[in-house]
Structures are given as structure tokens and as C-alpha cells.
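Taken together, the values in this text are just the output of simple stated rules run on the coordinates, not laboratory data. In this text, all values refer to a predicted model and were calculated from it rather than measured experimentally. Please note: Cβ atoms are built from the backbone with ideal geometry, for glycine as well, and neighbour counts cover all protein chains shown.
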Ligand SMILES: NC(=O)c1ccc[n+]([C@@H]2O[C@H](COP(=O)([O-])OP(=O)(O)OC[C@H]3O[C@@H](n4cnc5c(N)ncnc54)[C@H](O)[C@@H]3O)[C@@H](O)[C@H]2O)c1
């Protein structure tokens, strides 16, 4: 059975008979009386997994594996039913599944250990830090017949799902472009750059909205605060089917927290703002050319300013929906919406972005004359910089 989606509900894909059979051939240990889950890494995000899993139907018990023992014990005092183990290896005999919420560079090794023990695994984004690691995890999950899922949480966000529903229904007409902005002051991560930290969200949202993967990527990045660690990036993703260009602006160095996705279509436009009280707003706005207009100094265009609609979005917590989906996939033998293959595609895109960042921009032919812009600034104290000099500065 193929994916069924009803509104904001997550209805997982049922595996084909062959896939279920191959799962049964694997070494995954059958789950009885609910899923016992180990959460490895109980910091900022892992502790949220502990909270939502504690309330999730189908979960029979939670084991905490956290390098900082004091942190594990303090969490245990809040969630009394959980147990604490010193290492993943010590926890494995007592659990059916593992959620990994440690820093990205440790994901692949921990996930591989769990998969080799026949455990189902949910790994936080990014799944791994190279496509070779991601492919190995996917191969191991297939061999052992276990569920491998990645925490692309926004795919479980009811506002994103409603936006996708409207997009698929053709409400926006032809999509001109989609722009995603994920900015804040920090959080600087020690082991990956801003692209590997944040872009998995933007790429997964864009792929999910368009039901497609990009064919080409272009990217630019800069390291401002710490040498060698990119903290600002601009990414351009070109999709073929449908033919849409997506842009993502990512920053750990911005004064304001921003989490928006803007869809610009020929009929309507939309802004999904994850921080707003009304997270999705649909704008009946647009522009069209006007061939018959009388000659004018302005370009003949008709602007449409219609209603702005904020559809009701169920306030379900995306992480809770995501973790329930993981448990459902284990109990029902179904393929996750954000499974290993999906995650491998995102990792390959991140690697392509890295390669694109390494490329130099197009150089302008020779130095162009410094035009008179400097001599007469239009505002007192404002010196305009001609394009040719701006290009020199960038280099
Ligand atoms: N899906 C989302 O929206 C989202 C949001 C935030 C973070 N994340 C992801 O979650 C992961 C963790 O991020 P965070 O912000 O919680 O980091 P964090 O630093 O707050 O927490 C990581 C924890 O892992 C522990 N740890 C490290 N190695 C360990 C090991 N081998 N065994 C046991 N514990 C270990 C550390 O002691 C720490 O407490 C990252 O991959 C990040 O990208 C996802």
C-alpha cells in the first residue's frame, strides 16, 4: 500500500508483501507488549524525545543513555518510569528500538551498533555526516529487517502538511519559487557547519512540498564568527518535476530568530511561519501583465490584493507525531515516511551543496571604471559602491 495522507494526520506507508517478508527474514527481534526504547543523548532535543515517548501509545518503557550522568539522573527524577544505562551496549539487550539524539558526528557509529543488534533506529538529523555512512546504515537496516528513520520533524508538522495539501490541490497555480529562511543567533554546533545543522530541515520541507528531489544545487557560504566554520549560507535548489526553484537562507549569525517558508505561485502565495500564532497564512495576491494598457512610465501590470486566510492548524506537536510514527512503523511493519532512503537523498544533497560552496564565483572581466557614484552620494554620509567594486570586495 502506498502512503495515505489525511489532512494533518500521518498515515504511514504499508510495505509491499515482499518488503514485509524480507523484514521477517532479517534479524530484527519481534516486539511484544509494546516497544521498549532507548534514548541515546538526552540533551536539549533528546530530553524532548523522552517527554513525548513517555506519553506515546505503544511504548512499553524508556531507557536513558546519556554521557552526562547528572543530566540522566535529573531527567529520571522527572520521568520516574525511565531507567538509566551507562552505554548503548549495556542498554541494547533490554530494548527493541533506539532513538539517537547525540551530536551529528556520532550518529552513524551509534546507529550501526544498534542496527547490527537487530534494533529499530530513529536518528536525529542529519542521519550521518557522509553519504557513505548513510548508505551503510540503509544497507544494514535492509539486511536486518529493521526500521531506520530520520528525525526530519517538519514533515510531521501539521502546518507544513496543510501547505502541501493545498499545493497538491493546485490552490497556488504555477509555483514560481519557494523561499525558506532559518536564522537565529546560534546555536553554534561544535561538529558540523550551519548547512549540515539546519539545511536538512529546509531540504526535507521543500522535497516534501514538491514531492520531488532537486536536480541541481548552488550554494554560497561564509565563516564570520569562527574561522573555518560556515555560519551563514544561501542555497539554491533546482527541481525538475515540477519545475520550481527553491531558495534557503541559513544563519547562526542573525539578530532575529526566523523560521519561515514562503511559497509564491501564480494564483496565490503562502507564508508558513513556525514562530507565529497563526503558522500558515494564504494570500490571495498576485500580479499579471496588462497588454492593453495605455503607454505609461510604469510597466503595465495588474496587482491583485485579495483576502488573507489563516486556516486552522491542529496544535499537535510535530515531534510527538514523528515519534508515534516511528513506533507505528515498528509495530505494523511499515516503511517510515522519513526512512533511510529518503535520508540518504538529503545527505547526498548536503554533499552536493558542500561541493558547490567550494566553487569560486564568476570573475568580472578586468576592473571597470569607478563611476561617479562616490562623488555625489544621494544621502549624506551614504557612499554607494559600484557593482565592480562590490565584486572585488566579495573576492
Ligand atoms: N529535529 C529537530 O528539530 C532538532 C532540533 C534540535 C536538535 N536536533 C538534533 O538533535 C541532536 C542533538 O542536538 P542537541 O541540541 O540536543 O545537542 P545537545 O548537545 O544538547 O545534546 C547532546 C547530548 O548527547 C550526549 N552525548 C554525546 N555523545 C554521547 C554518547 N556517545 N552516548 C550518550 N550520550 C552522548 C551529550 O552529553 C549531550 O547531553 C543533533 O543531531 C541535532 O541536530 C534536532
> How would you order 114-120, 41-47, 84-90 from highest to lowest mean count of nearby Cβ atoms within 10 Å?
Replying inline: 114-120, 41-47, 84-90
> If the convex hull of the alpha-carbon atoms of the stretch 157-265 is projected onto planes in all directions, what is the mean projected area in square nanometres?
Replying inline: 6.9
>> With 10 angstrom as the radius, rank 149, 269 by how many other C-beta atoms surround their C-beta, starting from the fewest.
In response: 269, 149
> Rounded to the nearest 0.05, what FRET efficiency do residue 169 and residue 278 have when you use their Cβ-Cβ distance and R0 = 22 Å?
Replying inline: 0.65
>> Give me the three principal axis extents of the stretch 93-190 from the C-alpha atoms, as integers in angstrom, largest value leading.
In response: 51, 34, 26
> If we count other beta carbons within 10 Å of each Cβ, what is the order of 79, 156, 226, 283, fewest first?
Replying inline: 226, 79, 283, 156
>> Sort 323-331, 284-292 by the packing proxy (mean of other Cβ within 10 Å over each peptide's residues), most packed first.
In response: 323-331, 284-292
> Points 7 angstrom from Cα along the Cβ direction at residue 33 and residue 177: gap in nanometres?
Replying inline: 5.8
>> Calculate the FRET efficiency for residue 317 and residue 287 from the Cβ-Cβ distance with a Förster distance of 41 Å, rounded to the nearest 0.05.
In response: 0.60
> Sorted by average packing, counted as other Cβ atoms within 10 angstrom per residue and highest first, what order do 271-281, 158-168 take?
Replying inline: 158-168, 271-281
> If you take the beta carbon distance between residue 74 and residue 309 as r and set R0 to 35 Å, what does 1/(1 + (r/R0)^6) give as a FRET efficiency, to the nearest 0.05?
Replying inline: 0.20
> Can you pull the semi-axes for the stretch 51-134, root of five times each eigenvalue of the Cα gyration tensor, sorted largest first, whole Å?
Replying inline: 22, 14, 12
>> Based only on other Cβ atoms within 10 Å, what is the fewest-to-most ordering of 112, 122?
In response: 112, 122
> Where does the Debye-calculated log10 I(q)/I(0) of the stretch 251-329 sit at q = 0.16, 0.25 Å⁻¹, using only Cα point scatterers of equal weight, no solvent?
Replying inline: -0.83, -1.12
